[in-house]
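J.: Okay, handing you the structure first.
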Amino acid sequence: MKRINVLIAGIILFASCNNAPNTTKETSKDTAKKETAFVPVDSVTAMKNWQAYMTPGEVHKMIASWSGTWNSDISSWMSPDAPPVKSTGKSVNKMVLNGLYQESVHTSTMMGMPFEGHGTLGYDNAKKLFVSSWIDNMGSGIIKMEGAWDAATKSVTLKGIFVDPTSGKDCEMKEVFKVIDDNTQSMEMYGPNGKDGKEMKMMEMKFTRAK
C-alpha cells in the first residue's frame, strides 16, 4: 500500500494542523496510560501463540500480490476550496522478513524538489489489523497507522497521528486504500484543514501497475 501516505500531504499537514484544535494529543496520552493486566501463559500455549503471530497468513499473501512497480497520478489540495495540484510518481513494493511485511519505496517531486518516501505495510495476526509505518525526506518523524480490512469493499481505512513540526501538535490523519482490480488501486488521505480544523481530503492517488 503506497504509503503513499504522504507525498505532498506532509507539507500540507504542517500548515493545517498548526491551526487545528489540539484534542488528539490529550487522547493519545490518555490511551498510553492505560495498562493491560498481566496474565501468565504456560510455555506450550506461549510458543503456539508466538508461532501463529510470526507466520504469514492469507492476508499477507494478498499484500504480496501488490508487489511490483506502480505508477501513480497524484492530486493534492492545499485547502477545501482550492483546485488540486497534479503530479506523478512511482512506487516499488517488495515483501521482506519472511513475507510478513511489504516494503515500499516511493519517488516523485514535491514543490520542485526530489521526494523519496519509505513505507512498511503488514498485518498484525494478533490484533487482526493492517499496520503501517512511513518515513520520508521531508521530515524527521515516523508515522504509524492501523486499520481493519473490509472484504466487501476491498478496502482498508488506516488511522494514525502526524506531528506538525511548526507547532509541535499532534494531528489526526486517515488513509483509505482500495483495491479496484489486480492492476488498479486508489488511496485517499484526509486530515484537518487550516481554517476550522474540520476534516478534508488532502490527497488522492490512483495507482496503475507498470507493465
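Every read-out reported here was derived from the displayed coordinates using simple, explicitly stated rules and does not represent laboratory data. Model, not experiment: these values are computed from the prediction. All Cβ positions, even for glycine, are placed from backbone atoms using ideal geometry, and neighbour counts span all protein chains on display.
J.: Based on Cβ point charges of +1 for Lys and Arg and -1 for Asp and Glu, what charge dipole magnitude is obtained for the range 140-211 about its Cα centre, in debye rounded to the nearest 20? Numbers along the way, then the final one.
T.: On the way: 12 positive and 12 negative charges, 38 e Å.
Once rounded to the nearest 20, the dipole reads 180 debye.
J.: Now for a different question. Hey, can you grab everything whose amide H is under 5 Å from the amide H of K144? Only 5+ residues off in sequence or another chain; H modelled, so Pro and N-termini drop out.
T.: I161
J.: Please tell me which of these pairs span more than 18 angstrom C-alpha to C-alpha: K127/K159; K94/K211; K48/K144; K94/K174?
T.: K48/K144; K94/K174, as the Cα separations exceed 18 Å there.
J.: Then there is this: For the range 76-86, just list the computed ³J(HN,Hα) in residue order, Karplus coefficients 6.51, -1.76 and 1.60, θ = phi - 60°, integers in Hz, with x standing in for Gly and Pro.
T.: Going residue by residue, I get 10, 10, 7, 7, x, 9, 9, x, x, 8, 9 Hz, with x marking Gly and Pro.
J.: Along the range 123-137, what does the Karplus equation 6.51 cos²θ - 1.76 cosθ + 1.60 (θ = phi - 60°) give for ³J(HN,Hα), rounded to whole Hz, x for Gly and Pro?
T.: Residue by residue, the range 123-137 yields 10, 7, 5, 7, 6, 6, 9, 6, 10, 9, 9, 8, 9, 8, 7 Hz.
J.: While we're on this one: Among T184, T153, G194, whose Cα projects farthest towards the positive end of the dipole of the range 131-195, with charges put on the beta-carbon of Lys, Arg (+1) and Asp, Glu (-1)?
T.: Selected residue: G194.
J.: Which of the three applies to the range 77-211, rounded, prolate or oblate, going by the alpha-carbon gyration tensor with a ≥ b ≥ c and a/c under 1.5 meaning rounded?
T.: Since a/c stays below 1.5, the shape of the range 77-211 is classed as rounded.
J.: Could you please state, rounded to a whole Å, how far the C-alpha centre of the range 191-207 is from the C-alpha centre of the range 131-170?
T.: The distance from the Cα centre of the range 191-207 to that of the range 131-170 comes to 13 Å.
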